[in-house]
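**Q** Before I ask anything, let me first share the structure, which is written out below as C-alpha cells.
The values are calculated or read from the model by the stated rules, or taken from the named source; none is laboratory data. Predicted, not measured: the structure shown is a model, and the values here were computed from it. Please note: Cβ atoms are built from the backbone with ideal geometry, for glycine as well, and neighbour counts cover all protein chains shown.
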Amino acid sequence: MMNECRLSKYSTEVLDSPLNKLTYVVFDLETTGTSPEEGDKIIEIGAVKIAPGFRIQRSKFHTLVNPGITIPESSTKIHGITDENVQNAPDVCVAIYDFIDFARGSVIVAHNAKKDLSFLKNEMKDYSIRNPFTFTLDTLKLSRIVNPSASKHNLDYITDMYNINVTNSYKRHRALYDAEVTAVYFRILMKRIFKETCFTLIDLENFINNR
C-alpha cells in the first residue's frame, strides 16, 4: 500500500481516478553523459502529452539546453548535438521551469525513468526548485512486467517489435523522437493494463510494487 507521505502529496482524488481519465506527459532527456553526480548535464528535453482516453496530443514540448560545459565527442556521436547547437539555447533553469509548466497536473512517464529523473532532480536541487512530480511511471519497468518473454525492452527493440513509425524532423536518440516512441508504446501498454489488470492509479501503483 502507498504510505501516508505519498498520499499527502498526491491527492486521493487523483489516486482513485480511472487510468483512462488522467493526463500523462511522456518525456525524454539527452545529456552530456550518464552521471549527473559527476557533473553531466541536460542538453535537450522533449515531451508529449497524452489526454484522457490515452489519446496522444499534438501538444509537444521541445527545447535544447545550454549546459554551460563542453559536450563530449562521445556523447555527440550518440545524439548528434554539438556545442554550436546549444550555444543560444536557454539554460537548464529556464528549460526546467518551462517543462514544469507544460507537464503541470499530469502523471509523468519516461523509459528508464530513474535515469532521467536523476538528472532532473539534480538540477532542481541545484536551483532550489521544488520537485512537483510526485508519481512517475516507467515504461521500461511496465514493459518487463507486461511482456516478460521479450528478449529486450530498449526503445530500438520496442520500435521494431511494434512497428512504431514516428514522423518528425528528429531521429533516434533525440529527446522529442524518443519521447514520441515512448508515448506510443505507453499507450499500447496502458490500454492493455487498463483492460486486463488495473482500473485506477493506485491499483497500478500496487500492481507495480508487487512485481
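**Q** Return the residues of region 85-111 that are touching a strand residue (DSSP E or B) at 6+ places or on another chain (Cβ under 6 Å), of a type in the set (A, V, I, L, M) and within 30 Å of residue 143 (Cβ to Cβ); say none if nothing qualifies.
**A** 92, 95, 103, 107, 108, 109, 110
For (1) crowded, with 21+ Cβ neighbours inside 10 Å; (2) without any contact (Cβ under 8 Å) to a residue 60 or more places away in the chain, each residue gets a yes or a no:
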{"site": "30", "(1), (2)": "yes, no"}
{"site": "33", "(1), (2)": "no, yes"}
{"site": "47", "(1), (2)": "yes, no"}
{"site": "52", "(1), (2)": "no, yes"}
{"site": "72", "(1), (2)": "no, yes"}
{"site": "92", "(1), (2)": "yes, yes"}
{"site": "95", "(1), (2)": "yes, yes"}
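**Q** Of all residues being in contact (Cβ under 8 Å) with a residue 12 or more places away in the chain and assigned to a loop (DSSP other than H, G, I, E, B) in region 172-198, which is surrounded by the most Cβ atoms within 10 Å (Cβ to Cβ)? Just the residue, please.
**A** Once the filter is applied, the top-ranked residue is 174.
**Q** Return the total of residues in region 1-32 being at pLDDT 95 or above and either out of contact with any helix residue (DSSP H, G or I) (no Cβ under 7 Å at 6 or more places or on another chain) or within 18 Å of residue 111 (Cβ to Cβ) (or both).
**A** Number satisfying all stated conditions: 11.
**Q** Please indicate, with yes or no, whether at least one residue in region 77-98 is out of contact with any helix residue (DSSP H, G or I) (no Cβ under 7 Å at 6 or more places or on another chain) and either of a type in the set (Phe, Trp, Tyr) or closer than 22 Å to residue 53 by Cα (or both).
**A** Step one: of region 77-98, the residues out of contact with any helix residue (DSSP H, G or I) (no Cβ under 7 Å at 6 or more places or on another chain) are 77-81, 83-91, 93-95, 97-98.
Adding the requirement that they be either of a type in the set (Phe, Trp, Tyr) or closer than 22 Å to residue 53 by Cα (or both) leaves 97.
Yes, that holds for at least one residue.
**Q** Oh, and also: Among the residues of region 102-128, count how many are more than 17 Å from residue 56 (Cα to Cα), in a loop (DSSP other than H, G, I, E, B) and either in contact with a Leu (Cβ under 9 Å, 6 or more places away or on another chain) or of a type in the set (Asp, Glu) (or both).
**A** Looking only at that region, the number is 1.
**Q** Do we find a residue being out of contact with any Leu (no Cβ under 8 Å at 6 or more places or on another chain) and either under 20 Å from residue 138 (Cβ atoms) or crowded, with 20+ Cβ neighbours inside 10 Å (or both) anywhere in region 76-84?
**A** Yes.
**Q** Something else about it: What residue, among those in region 129-160 that are of a type in the set (Asp, Glu) and assigned to a helix (DSSP H, G or I), is farthest from residue 91 (Cα to Cα)?
**A** In this case the residue turns out to be 160.
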